[in-house]
1. Within a Cβ distance under 14 Å of residue A:314, other residues only, what is the Lys/Arg minus Asp/Glu net charge?
2. With a 10 Å Cβ neighbour count serving as the proxy for reagent exposure, in which order, fewest first, do B:32, A:134 appear?
3. Distance cut-off 27 Å, Cα to Cα: go down the list A:209/B:60; A:53/A:75; A:65/A:89; A:105/B:39 and report the pairs above it.
4. Using the Cα gyration tensor of the range B:29-92, with a ≥ b ≥ c the square roots of its eigenvalues, what is the shape: rounded (a/c below 1.5), prolate (a/b larger than b/c) or oblate (neither)?
5. Please report A:349, A:184 as a ranked list, fewest other C-beta atoms within 10 angstrom at the top and most at the bottom.
6. Among A:86, B:74, what is the fewest-to-most ranking by other Cβ atoms within 10 Å?
7. State, as an integer percentage, the relative contact order of the range A:232-369 based on alpha-carbon contacts under 8 Å between residues 6 or more apart.
8. Using a Förster distance of 56 angstrom, determine the FRET efficiency expected from the C-beta separation of residue A:102 and residue A:331, and round it to 0.05.
Amino acid sequence: MRTIRFLVITGMIMSLAIFTEASRVLAQDLGASDAATLKEIQREMREMRAERKRDRELIQKLEAKVDGLEKGSAKTQATTEQLKTTDEKLQATTAALQQTTAQVKTLQAKVDQPIPAPDFSEAFNRYLGSHTFEITGAAAGNFIYDQQSGALNDLHHASQNSFFFDWEPMILYRPADWILFEGVFDAGFGSTGTGMDLSIADFQLFLNKYMTLVAGLYDQPFGDWYENQSPMWVNRFITAPLPFGNEAIVPPSELGLQLRGGMQWGTLGQDFDYTVWGGNGPNFSEAVPGAALSGPTSAASAQSNGKSIGARLRIYPLPLEWEMGRLELGASTYNGKWMNGNWFNSWGVDFNYFKDNLQARGEWIESYRQMPNGVPTDHREGWYVQAGYFLNDVNAPFVPRQVNDYIHRLEPLIRYSGVNQHAVATDDIVAATGVGLGGTQIGLVPDFGINGSPALYAPHSREVALGLDYWIAPSIVWQNEFDIELPHAGGVFVSSTGAQTPAGAIPNDRAFLSQFTIGF
Amino acid sequence: MKKQVAAFLLMTATLGSVGGLARADQQMTPAEHRRLFLKGAELWPVYCNQCHNARPPSEKAPVEWNAIIMHMRTLGNIPPDDAQALLEYLKSGH
């Protein structure tokens, strides 16, 4: 702006000089002759001066404006600089914010992504290690009252009542996904005081999809009872059915090897499974008819004629999609030489049906034991059938809702079981009786899972059991059982010398059992 | 005869062990997890209740179900795919 102002002023000065010089030259040329023309020139000069004055004033105004504009421009420039700085800071902040937002989005996406539970569990497993050590099992305390109303084979009888407790921890050790160790202890306070027993101790090797090798001491895989129904919290009743109680038809356990597996043969739910096994074989307390079967550990030392072989096949014919429940049909056999080439042979069939609140099961078993010295074959047969129904869906009218809540936890049960055998060994009955203070026999003593009734030792025992279970949780139950003993006449009692005495009249007893059981 | 049986069992056990170890290394896809979970949810109330009351998944930690399902697979002769489905359901439902 200063340059412009300088040029304007310079131009005006030069114009004035040129004009003055021209007037002087013109005056010399014209002289004083033309006064009018001079006046005109003078008038024009005055106008020019006035115009120059106005121009000067205008320039001054313009200069003032220019100065004002220059000052305003400086302020604007300063403001612009500030804005620019602020903008740069804002851009930097925006970039940082965008970066943070991107990180947040990434994290959010990871958080929002559903983590499959198996992945979580696998991670948890890895955290804990590959070896799994698990303790499960059951514990129960019960009270048994048995009304012993009559004598049996001249044994003293007296009604019994007593408390018992039993604890059966199961230890599972899983070093890898192809091998498992299982051990079950049975510890409790029974008729002979505190005792402990090793029920199961075996290795399970998962060879492939369809073959599992079991080696050790295990429940007899004959039928369904010993393997699947004997655990306290699994058994709907407190006692065992007669063929699996104190007059067992087949040994309750075995020491040996099993090969087993299952497969689907049709649609989902249509399965087939097999179990074949061999072991120490059966052993009996005495070489007389009706002698009790003993455990496999005693067989290890007493049995000297080959081993046992057994097989069980089961089929499940109903597809799940039919929604007709699940039906199991099974057949079993167990055979072995029990003494000096004398065979013990047994077979059985079983069924199990479950649908909604209804469950029913049953088994039939027969055994034949070749006897030495020309004694007729010791033939035994036993059976049971039971049913239970959960009252989950039953709503009693005209009662408060709280009462119905209790009713929904109830499961009424009924079971009929029996054993037929020609004879019962007297020594086995004596061994099952208790001896009280002063050496006085106080009668047939109940024990954990056995009501102690003399009628249980009849050659032709029969029992009707009524049960009412109150389920507090799926594995916590208060069980109540009322046993009605209805033995049939017939059969004999056999002493250790082979002397036989007709069984005669067997008292009809009643027993009540109540048990609180926790499966853990 | 006894030697032949023993040799057969030994050979089967060896092969089975290798197979078992190989199975341990397998990784399932999410789709396979989902398929097994749904199948297990269908089997659980039927297979378990057949012998005893079905225990809810929350009763045991996932790592515990590993051992328990192995035990039940043996005891119930459960087909291996069904046992795997039950395991996925019980572990996922925790």
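None of the figures in this text is laboratory data; all of them are computed from the coordinates on show. Only a predicted model underlies this, so the values are computations on that prediction, with no experimental measurement involved. Counting neighbours? That spans all protein chains shown, and the Cβs are built from the backbone with ideal geometry, glycine included.
1. -3
2. B:32, A:134
3. Values: A:209/B:60 25 Å; A:53/A:75 33 Å; A:65/A:89 35 Å; A:105/B:39 35 Å.
With Cα atoms farther than 27 Å apart: A:53/A:75; A:65/A:89; A:105/B:39.
4. Taking the square roots of the gyration eigenvalues as a ≥ b ≥ c, the range B:29-92 is rounded.
5. Details: A:349 15, A:184 22.
Lowest to highest Cβ neighbour count: A:349, A:184.
6. Ordered from fewest to most neighbouring Cβ atoms within 10 Å, A:86, B:74 come out as A:86, B:74.
7. Details: 307 pairs, mean separation 26.5, N = 138.
The value is 19 percent.
8. Working: r = 68 Å, r/R0 = 1.22.
Approximately 0.25, to the nearest 0.05.
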